[in-house]
Amino acid sequence: MVSRDRLIAEGLIDALPEGVVLVDAADRVVAVNPPALALFPRLRPDMLLARGLRAPDALDCVARARASGRQERAIWLERVPVERYFELSAAPWTASGGARLIVLSLRDLTETRRVERMRVDFVANASHELRTPLASLLGFVETLQGPAREDAAARDRFLTIMGEQARRMTRLVDDLLSLSRIEQHLHLAPQTPVDMAGIVRHVVDTLTPLAQESGATIEAQTETAVVPGDRDELLRVAENLVENAIKYGVEGERSSRVEISLRVRGRQCVLMVRDHGPGVAPEHLPRLTERFYRADAGLSRAKGGTGLGLAIVKHIVARHRGRLAIESTLGEGSTFTVSLPLLPG
Ligand code: ADP
């Protein structure tokens, strides 16, 4: 390749956001741009392509492009050091001096694949969650139309269960819609000043009846703290955490206290919800904020949970540029801590 062509080619590929490598007819690397180097750090000009790109599928793709004279594509998986998917397109190009080159563009598909996987899992999970109460509703409808048609006592019992199932589906759909709304606005941090002590008071007032039903008391400690945010969303965070503490963290006399505290630490407002219940085993902790993940699915369903509460909390906290930390010790209880930046000034 004449040096003028080489300079132009190098300048061009350096301006591209995708990983690009130029290879000559002898399979030697002519030029590599920085994004390609970031993906395959061993690549160097003048080395044989196979030394820097040790992927048989990719090399095969380059050979096919050379043989066919057309653009060819390959996708392959590298397992070491971590699983990553790559995509390669290899296109023949004849430089002005007559040199026959192959232009390789390289992309890391790992993140795209992960997001796609998550989307597929999410649709499968959401459908499954809806199908169970729906199947039960249909079962009861059939029973009421058939064998239990004249049985008033059975009808009342079945209608009560059907009402519960319908409310369960409504909660699920409401939670799914909340989650998608928050996700849509994730990049926009809300800016209205929100009085966090007011939020804590509100949550204590609204959840005290639920706590009393479970034989629990809510203890609150607050300082004055105002954060830039969305009041309804922050209320949802505090409500979900306290409700979970009552649902999962109250087991008899010993663990009947649910604590909620609000403190100012430097430039952060720290909201902490603590229970003294059975706690969560360490293997579940990192996954609790995933959609539909439950440490104990039976218990969650029995308590009317959708499996989306903590995912909603995580997304709201992220939208507020805050942090959520979960600590738990089996037999001692759990602490959920939300740190949010205070309103400046
Ligand atoms: P849901 O309560 O609807 O199942 P969440 O997303 O709110 O869904 O919580 C996910 C799971 O985390 C719950 O099913 C439960 O297993 C666990 N969990 C949440 N809060 C607590 C807590 N305070 N103590 C023990 N386990 C908890």
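Summary table
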| item | result |
| --- | --- |
| Matching residues in the stretch 287-345 - criterion: being part of a helix (DSSP H, G or I) and within 19 Å of V250 (Cα to Cα) | A297, G298, L299, S300, R301, A302, G309, L310 |
| Matching residues in the stretch 185-208 - criterion: being part of a loop (DSSP other than H, G, I, E, B) and surrounded by 15 or more Cβ atoms within 10 Å (Cβ to Cβ) | A189, P190 |
| Matching residues, the stretch 242-288, being crowded, with 19+ Cβ neighbours inside 10 Å, more than 21 Å from L207 (Cα to Cα) and more than 7 Å from the ligand (Cβ to nearest atom) | C269 |
| Residue in the stretch 99-121 that is at positive phi and either outside the structural domain of R168 (by TED's automatic domain parsing) or touching a helix residue (DSSP H, G or I) at 6+ places or on another chain (Cβ under 9 Å) (or both) present | no |
| Within the stretch 60-108, considering residues that are exposed (fewer than 15 other Cβ atoms within 10 Å of the Cβ) and touching a Leu at 6+ places or on another chain (Cβ under 8 Å), the one nearest to V21 (Cα to Cα) | W93 |
| Elements of type strands (runs of 3 or more DSSP E) contained in the stretch 69-113, each with 2 or more residues being over 18 Å from N33 (Cβ atoms) | 72-78, 84-94 |
| Evaluation of T306 against (1) away from the ligand (no atom under 12 Å from the Cβ); (2) at pLDDT below 95; (3) surrounded by 15 or more Cβ atoms within 10 Å (Cβ to Cβ) (one fails), failing number | (1) |
| Residues located in the stretch 105-160, provided they are basic (K, R) and farther than 30 Å from P92 by Cβ | R114, R117, R119, R131, R149, R155, R157 |
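The values are calculated or read from the model by the stated rules, or taken from the named source; none is laboratory data. Keep in mind that what you see is a predicted model, and the values were worked out from it rather than measured. Quick reminder, even Gly has a Cβ in these numbers, built from the backbone with ideal geometry, and neighbours come from all protein chains shown.
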